[in-house]
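Chemist: My questions all concern the structure below.
The values are calculated or read from the model by the stated rules, or taken from the named source; none is laboratory data. These figures come from a predicted structure and were not determined experimentally. Every residue, glycine among them, receives a Cβ derived from its backbone with ideal geometry; neighbour counts consider all protein chains shown. Note: areas computed on protein heavy atoms with side chains; ligands, DNA, RNA excluded. Shrake-Rupley method; radii C 1.70, N 1.55, O 1.52, S 1.80 Å.
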Amino acid sequence: MRITGTGHASMRIDTAAGSILCDPWVNPAYFASWFPFPDNSQLDWESLGDCDYLYVSHLHRDHFDAAHLKRFVKKTATVLLPEYPTSQLEDELRDLGFTSFLKTKSDEVHELDGGLKVMIQALISPTDGPIGDSSLWVEHDGVRVLNQNDARPTDLTRFAELGHVHAHMLQFSGAIWYPMVYELPQAAKTAFGKQKRDRQFDRTWRYINDLHADWVFPIAGPPCFLDDELWQFNDIFGDEGNIFPDQSVFIREYAAVGGTNGVVLLPGSVSELTTDSCATTHPVDDLDEFFEQKEAHLKAYRDRQQIVLDREKASWSHPEIDVLAGMKDRIEPLLDESVYLAKGVGGPVRFDLTDPHGEVIESIVVDFPGKEVRPAADEKVRYRFKTERRLIEHLLYLDEGDWVNSLFLSCRFSAARIGQYNEFVYAFFKCLSEERLQYAEGWYESQRPDAEDIVMGGWQFQRRCPHLKADLTRFGIVEGDVLTCQLHGWKFNLASGKCLTSVGHEIRSSRAE
């Protein structure tokens, strides 16, 4: 089996029974904030796109690059489609010209021509990616690989049941806006960023230790930021609170916990994989030297992409759009239908809209209890976002139904809140369509307390994390009266059952007999 690195979470898997192109991403994403690192635009995409199968793990735009898929990937490829509760991924791919789909069943092995076997595990909670994320398992001629990309399964048991995995590809770097965009003192941002960075690595080590693959490939990050306004987010300043460490940092940190089987894939790297070996060649002579010159690579990359950045920015302004009226039309019907998400948010959310110089020119409140969108009054709000007005204009112009998979991941905003993180705020703004909202409402309605309890650290509590049902026998750590679920870093006070990380999500707990 041959694995060709094609950048970020993308790779091409070649076997004697066919080729699978995974998550090809080249064009900038999220208001031209994210670019693949290293630059993969110079690869021979005409050849890479001539594949037998296409796998798009989910709709996040650093995995689903519509323009690239339309231009370079042969429409004769059969799409390996995850089993998602909504049809949006299939609909989007059909709009690009793809017509052949293998609609997989989650956790079920499908045997293709020539003895090629695939299995896709779909994650379907409202907080998994943009309503869904997935991992791809592939086997041919006894060689097995798991492309976990940036999915976060509660465990990897199903993949381990299918036989020893030889290559494990998984995320290790950040893919979020926290804590950089929050209006906090720099010392606090650094402290929170370091905690996040440490949690990212801890989660990665746990997945690696669960699967015990022969070879581990760090993928699905980091993005790089070529716009001068976001340049500080690149991990080139020795900032221990930066959440976007690159592959060289992964290898160093992995070695510190005893890892010796890490394999870096640059765009153009090729790994020849057998049941007992992995031989990798790179498009550069010295990997260490390549990463030591990261800042120079980024500056040259920025110069090459400046015309793209300028073109993207010029497309955002739509002064003809009445933002207040547009937000009312888009959001108010969904507020009327929302029960669980609206109750979860529990208060008004304010958008402060600025001119390009950062001056606030309009403030709009999404009033969840009042079920309306209105001009902001002189009132205290728990959640506030500040961004350029033209970005909201552009979202309304595009009729964008997922503001997380556009505005928030762009990091082109600042945020403030009173109290804890509230997942329902972001869940709602990724569900700005009838289909998504109904699914999310139904999912939250269907949740019920887990009946099984476990004992750990002198406490008895429910086995499944109230957040996303992670198995706390594997991911739980008890320190005093605080339980931490390491899958996402959520904390709970076991004496009171209160969640210390977010509103709601109480845990059933008591002192052990």
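Chemist: Does segment 377-389 hold any residues that are farther than 17 Å from Asp355 by Cα and either part of a loop (DSSP other than H, G, I, E, B) or touching a Leu at 6+ places or on another chain (Cβ under 8 Å) (or both), and which are they?
Modeler: Ala377, Asp378, Glu379, Lys380, Val381, Arg382
Chemist: Please specify each residue of segment 122-149 satisfying the condition of being free of Cβ contacts under 8 Å to residues at least 40 places away in the same chain and open to solvent by less than 20 Å² (accessible area, probe 1.4 Å).
Modeler: Selection gives Trp137 alone.
Chemist: Turning to a different aspect of this structure: Can you tell me which residues in segment 351-381 are open to solvent by 50 Å² or more (accessible area, probe 1.4 Å) and without any contact (Cβ under 8 Å) to a residue 40 or more places away in the chain? Explain how you work it out, then say what you get.
Modeler: Filtering segment 351-381 for residues open to solvent by 50 Å² or more (accessible area, probe 1.4 Å) gives 356-357, 359-361, 369, 371-372, 375, 377-380.
Passing the criteria: Pro356, His357, Glu359, Val360, Ile361, Pro369, Lys371, Ala377, Asp378, Glu379, Lys380.
Chemist: Let me ask you something else. Which residue pairs have Cβ atoms closer than 8 Å, lie 6 or more positions apart in sequence or on different chains, and pair a first residue in segment 83-96 that is without any contact (Cβ under 8 Å) to a residue 24 or more places away in the chain and within 21 Å of Val109 (Cα to Cα) with a second residue that is open to solvent by less than 50 Å² (accessible area, probe 1.4 Å) and not aromatic (Phe, Trp, Tyr)?
Modeler: Sorted first by the residue in segment 83-96, then by its partner, the pairs are Glu90/Val79; Glu90/Leu81.
Chemist: For segment 417-447, enumerate the residues that are acidic (Asp, Glu) and either in a loop (DSSP other than H, G, I, E, B) or crowded, with 17+ Cβ neighbours inside 10 Å (or both). Step through it out loud before you land on a result.
Modeler: Just the residues of segment 417-447 that are acidic (Asp, Glu), to begin with: 423, 434-435, 441, 445.
Correct list: Glu423, Glu441.
Chemist: So, one more: Which residues, counting only those in segment 114-132, are at pLDDT 90 or above and either touching a Leu at 6+ places or on another chain (Cβ under 8 Å) or of a type outside the set (S, T, N, Q) (or both)?
Modeler: Of all residues in segment 114-132, those at pLDDT 90 or above come to 114-124, 132.
Passing the criteria: Gly114, Gly115, Leu116, Lys117, Val118, Met119, Ile120, Ala122, Leu123, Ile124, Gly132.
Chemist: Which residues, taken from segment 313-330, are surrounded by fewer than 16 Cβ atoms within 10 Å (Cβ to Cβ) and in a loop (DSSP other than H, G, I, E, B)?
Modeler: Across segment 313-330, the qualifying residues are Ser315, Pro319, Glu320, Asp322.
Chemist: So which residues in segment 456-498 are over 18 Å from Arg152 (Cβ atoms), touching a Pro at 6+ places or on another chain (Cβ under 9 Å) and touching a residue at least 40 places away in the same chain (Cβ under 8 Å)?
Modeler: Within segment 456-498, just Gln462 meets the criteria.
Chemist: Which residue out of Leu391, Leu468 is under 30 Å from Phe35 (Cβ atoms), at pLDDT below 95 and of a type outside the set (Lys, Arg)? Let's see the steps before the verdict.
Modeler: Working: Leu391 fails: at pLDDT below 95.
So the residue among Leu391, Leu468 that is under 30 Å from Phe35 (Cβ atoms), at pLDDT below 95 and of a type outside the set (Lys, Arg) is Leu468.
Chemist: Let me ask something else. Pick from segment 176-209 the residues that are out of contact with any helix residue (DSSP H, G or I) (no Cβ under 8 Å at 6 or more places or on another chain), surrounded by fewer than 19 Cβ atoms within 10 Å (Cβ to Cβ) and aliphatic (A, V, I, L, M): which of them is nearest to Met11 (Cα to Cα)?
Modeler: Per the criteria, the residue is Ala191.
Chemist: Quick one: which of Leu487, Leu472 is within 20 Å of Asp198 (Cα to Cα), open to solvent by less than 20 Å² (accessible area, probe 1.4 Å) and in contact with a strand residue (DSSP E or B) (Cβ under 7 Å, 6 or more places away or on another chain)? Even if it seems obvious, please write down each step before you answer.
Modeler: Values: Leu487 fails: in contact with a strand residue (DSSP E or B) (Cβ under 7 Å, 6 or more places away or on another chain).
Of Leu487, Leu472, the one residue that is within 20 Å of Asp198 (Cα to Cα), open to solvent by less than 20 Å² (accessible area, probe 1.4 Å) and in contact with a strand residue (DSSP E or B) (Cβ under 7 Å, 6 or more places away or on another chain) is Leu472.
To keep it simple, each residue is scored yes or no on (1) at negative phi; (2) under 26 Å from the mean Cα position of the chain (by Cα); (3) open to solvent by 80 Å² or more (accessible area, probe 1.4 Å).
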| residue | (1), (2), (3) |
| --- | --- |
| Tyr254 | yes, yes, no |
| Asp276 | yes, no, yes |
| Thr280 | yes, no, no |
| Asp286 | yes, no, no |
| Glu292 | yes, no, yes |
| His297 | yes, yes, no |
| Ala300 | yes, no, no |
| Gln305 | yes, yes, no |
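Chemist: Which of the residues that make up segment 67-100 are surrounded by 14 or more Cβ atoms within 10 Å (Cβ to Cβ), more than 24 Å from the chain's Cα centre (by Cα) and within 30 Å of Gly163 (Cα to Cα)?
Modeler: Listed by number, the residues that qualify are Ala77, Thr78.
Chemist: How many residues are small (Gly, Ala, Ser) and closer than 15 Å to Pro38 by Cβ when one looks only at segment 270-319?
Modeler: Taking segment 270-319 as the starting set, the residues that turn out to be small (Gly, Ala, Ser) are 271, 277, 279, 296, 300, 314-315, 317.
Then keep just the ones that are closer than 15 Å to Pro38 by Cβ; that gives 296, 300.
Selection size over segment 270-319: 2.
Chemist: Would you confirm whether or not segment 166-180 contains a residue that is of a type outside the set (Val, Ile, Thr), in a helix (DSSP H, G or I) and touching a Pro at 6+ places or on another chain (Cβ under 9 Å)? Break it down stepwise before answering.
Modeler: Just the residues of segment 166-180 that are of a type outside the set (Val, Ile, Thr), to begin with: 166-175, 177-180.
Still in the list and also in a helix (DSSP H, G or I): none.
No.
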